[in-house]
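Just below is one structure, and these are the notes that go with it.
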Amino acid sequence: MKVRLRNPDREVELAGGRKIHDVLGELGINPDTVLVIRERELLTREDRVGEADVIEIRPVISGGSGGNRMRCRRCKDPAVVEIRRHNAAFCADCFLRHVREQVKRAIESHDMFGPTDRILVAVSGGKDSLALWDVLLELGYRAHGLYLGLGIAEYSERSHDVARAFARERDAHLVEVDLARDYGFDVPTAGRKGSRSTCAVCGLSKRYVFNRAAREGGYDVIATGHNLDDEAATLLGNTLRWQTDYIARQSPVLPEEEGFARKVKPLYRLSELETAAFAFLRGIDYVVEECPLVAGNTQLRYKEAMNQLESTSPGTKAQFFLGYLDRAAPLFAMQDEVQLVGCERCGQPTTGRFCAFCRARAQILGERLEGPGAERGSPRRPSDDRETAEALADEVMPVEIYGTPGR
Ligand code: AMP
Ligand code: ZN
């Protein structure tokens, strides 16, 4: 039989007539990290494949390039998705319901938003954010999409097409921002010219644009597609470095405060495998390729480490992250005493004269960063030192850490 592998694309011939479990074993693939697809159908570890079959093994990890059927827990039909940490399997319909229920539960238990709130969903064109937008629309929420063009060659073009097609099919509104058109630089240039790593400036730009688009568009809340795997990997990274201030802010809801829109992560209870299976079963065309610039970033290594633990002890990720929310987060909560003021350049909230985005942008474009009072020689404010310290901390702890104080 033919096996098609992705990231990078390749094909191998293997002996058929056996279970998916054995096929994955021979290929050394952890079943929790892939979807196994035959034509338009998902297969579980217990399904058998024949000699003439062609199957696709599609990785679900984002952040890098890597007869005796099970029965549905709910209705006892043949299962198509297995969730080992719940010791459960679902048929397609019951699985879709399971995902929507998990999202509903996340929204309600954290009071993320209500039926009249205007929601801006940040959509990258990947499985998570499109699945999220789909669920919110299905649940009847007032959700618009936001696509940010990062200028990463074909990868960005394909992401843009996918996001636009999704919006068109559902007659949903997509807000479009383009870094190069609207701010004069793209991510590859930023990585070459600025002092920050490519991933750091990309993350900074996303936080900035998401917030600004939400505030200026009059949205109540901004929602991102971060899933359980993302959050567990980020928490692991923050914990390994004891970044207590980041740990304190790693909540599925960051409340609105002085110039910052409320931010929510309604998929935090769902694994990557679940969001990928959901997107597939809903027929959502999403970008399977990963960003070509992030290969091997630290976030990806933490995900791989968590997956290794998960493969021998299913449930580890959920215990780690959901357990943190339940029992550890209160221990890290602290008073945020920083005084926020408007950036002299763009008006977005910051602790210093200029926000981190405007400082990075000026550096990339080779511009001097002066506020309106510059000609009169405005005095240095004490906050400048703090600003410098924060900028340095950003260099050390850059990349993936999203929803951190982007100030
Ligand atoms: P990432 O930073 O790639 O891990 O993505 C985390 C979340 O940020 C995604 O689930 C999306 O909600 C959002 N996101 C990432 N890239 C974009 C983009 N180019 N445009 C809009 N939203 C994005
Ligand atoms: Zn600014």
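FYI, it's all coordinate maths here, none of it is from the lab. None of these values were measured; they are calculated from a predicted model. Here the Cβ positions follow ideal geometry from the backbone for every residue, glycine too, while neighbour counts run over all protein chains shown.
Ellipticity at 222 nm from helices only: DSSP H runs of n ≥ 4 in the chain, each -39500 (n - 2.57), divided by the residue count, give -12000 deg cm²/dmol. Okay, which of the stretch 225-250 sit inside 12 Å, backbone N to the point 7 Å along the Cα-Cβ direction of Leu309? 232-240, by backbone N distance to the label point. If R0 equals 30 Å, the separation of the Cβ atoms of Asp117 and Gln363 corresponds to a calculated FRET efficiency of about 0.25.
Between Glu51 and Asp93, the simple spin-label model (points 7 angstrom out along Cα→Cβ) gives 3.7 nm. Where in the stretch 88-116 does the amide nitrogen come within less than 15 Å of the point 7 Å from the Cα of Ala333, taken along Cα to Cβ? Under 15 Å, as judged by backbone N against the label point of Ala333, lie 110-111 of the stretch 88-116. With contacts taken as Cα pairs under 8 Å and at least 6 residues apart, the stretch 311-368 reaches a relative contact order of 16 percent.
Beta bridges assigned by DSSP with both partners in the chain are antiparallel in approximately 50 percent of cases.
Counted by Cβ distance under 13 Å from Thr189, the other residues give a net charge of +3, where Lys and Arg count +1 and Asp and Glu count -1. Quick one: grab the alpha carbon gyration tensor of the stretch 209-275, order the square roots of its eigenvalues as a ≥ b ≥ c, and give me rounded if a/c is under 1.5, else prolate or oblate depending on whether a/b is larger than b/c. The shape class here is oblate.
Placing a label point 7 Å from the Cα of Asp220 along the Cα-to-Cβ direction, the residues of the stretch 250-273 with a backbone N closer than 18 Å are 253-267. As a proxy for reagent exposure, Phe320, Phe278 were ordered by neighbouring Cβ count within 10 angstrom, fewest first; the result is Phe320, Phe278. Would you mind counting up the charge near Leu14? Only other residues with Cβ under 11 Å from its Cβ, with Lys and Arg at +1 and Asp and Glu at -1. In short, -4. Under the convention that each Lys and Arg Cβ holds +1 and each Asp and Glu Cβ holds -1, the size of the dipole of the chain around its Cα centre is about 360 debye. Listed by Cβ neighbour count within 10 Å, with the fewest neighbours leading, Asp53, Asp111 appear as Asp111, Asp53. Cβ crowding within 10 Å, taken as a proxy for footprinting-reagent exposure, orders Cys202, Cys291 from fewest neighbours to most as Cys291, Cys202. The simple spin-label model puts a point 7 Å past each Cα toward its Cβ; for Arg18 and Lys193 those points are separated by 5.5 nm. If the segment from Arg40 to Leu27 were pulled out straight at 0.36 nm per residue, it would be longer than the present Cα-Cα gap by 2.5 nm.
The residues neighbouring Ile222, those whose beta-carbon lies less than 14 Å from its own, together hold a net charge of +4 under the Lys/Arg +1, Asp/Glu -1 convention.
Taking every Cα-Cα distance in the stretch 109-253 and sorting them into 10 Å bins from zero, the calculated P(r) comes out as 10, 37, 37, 15, 1 percent. Oblate is the label for the stretch 208-333, because the ratio a/c of its alpha-carbon gyration tensor axes (a ≥ b ≥ c) is 1.5 or higher and a/b is not greater than b/c. Annotation: the chain has a Kirkwood hydrodynamic radius of 22.4 angstrom, from the mean reciprocal C-alpha pair distance.
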